[in-house]
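Please read the structure below before turning to the comments.
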Amino acid sequence: MMTQQIIFIVISFLTLLMAWVVVTNRNLFHAALALMGSFLGVAGLYVLLEAGFLAAAQLLVYIGAISILIIFAIMMTRRLMQTTETPFNSQWALGGVTALVLFAVIVFVILQVWPWQPGAEPFGAAPEVPEAVLQGSVVQLGRALVDVNQYVLPFEVTSVLLLAALIGAIVVAWPERKE
Amino acid sequence: MSFNILEFLRSLVTLTTFDYLRDIWADNMSVETIEFLLDLIGVFTVSTFLLLIVLFLIWLERKVVARIQDRVGPNRVGGRFGLLQTVADVLKLLTKESLMPAGADRLAYNLAPLLTVMAALLMWAVIPFAPDVIGVDLNIGLFYILAVSSASVVTLLLAGWGSNNKYALLGAFRAVAQLVSYEVPMVISLLIPILLARSMYMQELVGAQTVPFFIVAPVSAIIFFISALAETGRTPFDLLEAESEIVAGFHVEYTGMKFGMFFLAEFISTLFMSALFATVFLGGWRFFGLERLETFGRLIGLVVFFIKMFAVYFVFIWIRGTFPRVRVDQMLDLNWKFLVPLSLILLLVVAVVDKLIPVGAGPYFRAGVHLVSNLVVGFSALEILRRRAVREREAHESRLTEATEARDELVVEGAH
């Protein structure tokens with residue numbers, strides 16, 4: 001289990017480092033790239049947890065779509081190579097409060113399982129998952145999303161939300177009719 | 001077990017080298033070390049093979065396109081057939097001066113070519129070359145490929161932005177817009193094989209093809225092929241770097257081998273698209289059960305897979321030699337107004353038809369029903385397109401006639 005722990009530490013360190021670069025770097029493009037690195041680190045953590053589908057979805061959605069959208073937005077709105085910004089803006093107080101609340105929530109969740117029970121998983125190691133469970137995990141995920149007793153309601157609400165966003169985009173982009 | 005050169009060669013031919021090495025090393029190494037070493041060997045073999053086969057692919061492409069256009073093609077370096085032409089070209093690229101434009105972003109500029117090649121190689125990890133010969137058989141096989149290919153788009157932006165050149169940046173925008181758009185029909189058309197095989201494991205996708213999916217779902221195969229052409233930026237979708245019309249695109253500032261690496265990645269991903277098409281739609285290594293033979297089954301499977309892959313690759317070259325380039329508005333119209341709606345409707349039809357077929361039906365009956373429903377969807381789409389084209393032509397002609405009549409009247413008035 002030693003290898004897994006080393007990999008966990010390296011990946012978490014890189015993820016946090018990249019996140020630090022995102023909020024401190026004055027070059028917006030570099031910050032966006034670091035954000036991608038941070039997303040990649042989270043995907044790595046999913047792989048360590050044997051959640052392959054989530055990892056691939058993280059790669060597809062966060063790096064393949066959201067980050068590219070962010071980069072497009074930066075490139076289209078700023079003067080190209082001189083994109084140095086101050087890392088502070090007028091909302092720093094609100095942001096600080098949000099961060100504090102989030103931190104409190106995370107501490108609360110960790111305290112639920114702290115201290116580790118004897119015989120439980122060692123630090124940073126994912127539980128051993130039998131191959132048979134892994135094989136059916138994608139099928140189970142798919143069924144859970146449309147199962148009445150599980151996540152069908154959030155799933156449908158999300159699709160309505162996405163549909164609204166799609167229609168909104170079309171309406172915004174629609175050329176104005178001349179009277 | 002001790003090492004025996006004859007046994008080793010035998011395992012090479014039957015593609016069981018890894019099992020043989022596992023046996024030999026089992027005495028004095030732990031299981032983890034053995035698996036780690038074998039993984040390293042596998043990665044090294046596959047990537048070296050891919051990087052080297054590009055030499056052959058470039059030669060093949062130049063030769064075939066030359067033949068199609070009634071030229072001779074390379075015929076000087078390396079004998080009558082110019083076999084060593086690409087080697088000479090690579091040597092030229094390697095000895096060229098490596099320039100970096102002033103004001104370029106050092107990190108992004110140098111990282112982009114590396115990451116492009118890495119992404120192109122990463123996708124081969126889940127391609128099944130022969131029965132049980134596969135890098136990793138992930139439970140999300142096809143999804144992994146889509147994830148990596150969509151994330152690799154970022155490298156184009158890195159290259160375009162890092163070059164500090166507005167033409168490179170515009171080229172990157174152009175490329176990303178095309179790749180992101182054509183990803184949509186590609187993903188949807190790949191959902192259909194997943195639906196038919198009820199699995200995302202690449203091996204199970206191959207195993208489910210008693211009847212190749214190209215015959216079960218021809219329309220989805222064609223949609224995938226067209227989007228693959230666009231995803232690799234090949235003719236008729238090579239307007240990203242249209243050599244004869246505009247400046248090259250996102251890699252305009254690159255020189256020497258850094259430029260060569262973009263080309264390398266392009267050829268590797270084209271070959272990858274052929275491999276993916278062969279695996280998902282042509283039945284991969286399957287060949288009438290011959291691949292299940294006792295000793296040489298794996299070798300036969302490998303040969304069959306390569307024949308299929310290169311057959312698809314040949315079609316890629318064939319299209320390059322014969323089709324003209326599309327305009328940018330045609331490229332976008334074809335995607336958003338034709339391929340995306342068609343693939344969405346097709347997915348719906350296939351899903352419903354698949355549910356309607358009784359559970360006990362044999363594979364051939366199932367394939368027949370799917371084939372018929374596919375053809376109905378495909379031909380009705382073409383019929384709708386034809387009617388629209390006719391209507392547009394008639395509208396255009398009537399406008400022309402009106403304009404001519406108006407002019408004639410003016411001429412008559414002028415005469416008075």
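Tell me yes or no: at least one residue of the stretch B:124-136 is away from every other protein chain (no Cβ under 12 Å), out of contact with any strand residue (DSSP E or B) (no Cβ under 7 Å at 6 or more places or on another chain), within 16 Å of B:T232 (Cα to Cα) and modelled with pLDDT of 90 or more. Talk me through it step by step, then tell me what you get.
Restricting attention to the stretch B:124-136, the residues satisfying the condition of being away from every other protein chain (no Cβ under 12 Å) are B:124-125, B:127-135.
Next, from what is left, pick out any that are out of contact with any strand residue (DSSP E or B) (no Cβ under 7 Å at 6 or more places or on another chain): B:124-125, B:127-135.
Now restrict to residues that are within 16 Å of B:T232 (Cα to Cα): B:124.
Next cut, modelled with pLDDT of 90 or more only: B:124.
Yes, the stretch B:124-136 contains a residue that is away from every other protein chain (no Cβ under 12 Å), out of contact with any strand residue (DSSP E or B) (no Cβ under 7 Å at 6 or more places or on another chain), within 16 Å of B:T232 (Cα to Cα) and modelled with pLDDT of 90 or more.
Among the conditions (1) of a type outside the set (F, W, Y); (2) under 23 Å from B:F306 (Cβ atoms); (3) without any contact (Cβ under 8 Å) to a residue 24 or more places away in the chain, the only one that B:E35 does not satisfy is (2). Please go through the stretch B:86-130 and give me each residue that is surrounded by fewer than 20 Cβ atoms within 10 Å (Cβ to Cβ), in a helix (DSSP H, G or I) and among the hydroxyl-bearing types (S, T, Y), ordered by number. The answer is B:T95, and nothing else.
On the given criteria, is B:Q209 surrounded by 21 or more Cβ atoms within 10 Å (Cβ to Cβ), under 28 Å from B:L290 (Cα atoms) and of a type outside the set (A, V, I, L, M, F, W, C)? So B:Q209 passes the test.
Among the conditions (1) closer than 23 Å to A:I63 by Cβ; (2) of a type in the set (S, T, N, Q); (3) within 13 Å of another protein chain (Cβ to nearest Cβ), B:S199 misses just one, which is (1). Counting the residues of the stretch A:128-161 that are over 15 Å from A:L54 (Cβ atoms), small (G, A, S) and facing chain B (nearest Cβ under 10 Å) gives 1. For the stretch B:142-173, enumerate the residues that are at the interface with another protein chain (Cβ under 7 Å from one of its Cβ atoms) and outside any helix (DSSP H, G or I). The one that is at the interface with another protein chain (Cβ under 7 Å from one of its Cβ atoms) and outside any helix (DSSP H, G or I): B:N164.
Checking each residue in the stretch B:2-20 for being out of contact with any Lys or Arg (no Cβ under 7 Å at 6 or more places or on another chain), closer than 18 Å to B:L40 by Cα and among the aliphatic types (A, V, I, L, M) picks out only B:L12.
Find the residue count for the stretch A:21-51, including only residues that are part of a loop (DSSP other than H, G, I, E, B) and either among the basic types (K, R) or surrounded by fewer than 16 Cβ atoms within 10 Å (Cβ to Cβ) (or both).
We begin by selecting, within the stretch A:21-51, every residue part of a loop (DSSP other than H, G, I, E, B); these are A:25-26, A:49-51.
The next check asks that each one be either among the basic types (K, R) or surrounded by fewer than 16 Cβ atoms within 10 Å (Cβ to Cβ) (or both); those that pass are A:26, A:49.
Here the count works out to 2.
Within the stretch B:86-115, residues that are over 16 Å from B:L169 (Cα atoms) and more than 14 Å from every other protein chain (Cβ to nearest Cβ) reach partners that are among the aromatic types (F, W, Y) and surrounded by 12 or more Cβ atoms within 10 Å (Cβ to Cβ) with beta carbons closer than 8 Å, at six or more positions or on different chains, in the pairs B:T86/B:F56; B:T86/B:W59; B:L93/B:F259.
Residues in the stretch A:67-78 that are in contact (Cβ under 8 Å) with a residue 24 or more places away in the chain and either more than 10 Å from chain B (Cβ to nearest Cβ) or among the polar types (S, T, N, Q) (or both): A:S67, A:I70, A:R78.
For the stretch B:212-234, the criterion of being among the charged types (D, E, K, R) and more than 19 Å from the chain's Cα centre (by Cα) is satisfied by no residue at all.
Scanning the stretch B:43-72 for residues that are small (G, A, S) and crowded, with 17+ Cβ neighbours inside 10 Å yields a count of 1. Taking the numbered list (1) part of a helix (DSSP H, G or I); (2) away from chain A (no Cβ under 14 Å) in turn, B:G79 passes all entries but (1). So in the stretch A:40-65, with the set limited to residues that are farther than 12 Å from B:A147 by Cβ and modelled with pLDDT of 90 or more, which one is farthest from the other protein chains (Cβ to nearest Cβ)? This residue is A:L45. What residue, among those in the stretch A:1-20 that are within 14 Å of chain B (Cβ to nearest Cβ), part of a helix (DSSP H, G or I) and not polar (S, T, N, Q), is surrounded by the most Cβ atoms within 10 Å (Cβ to Cβ)? Among those residues, the one meeting the criterion is A:M18.
The values are calculated or read from the model by the stated rules, or taken from the named source; none is laboratory data. Source: prediction; values computed, not measured. Cβ coordinates were reconstructed from backbone atoms using ideal geometry, including for glycine residues, and neighbour counts include every protein chain displayed.
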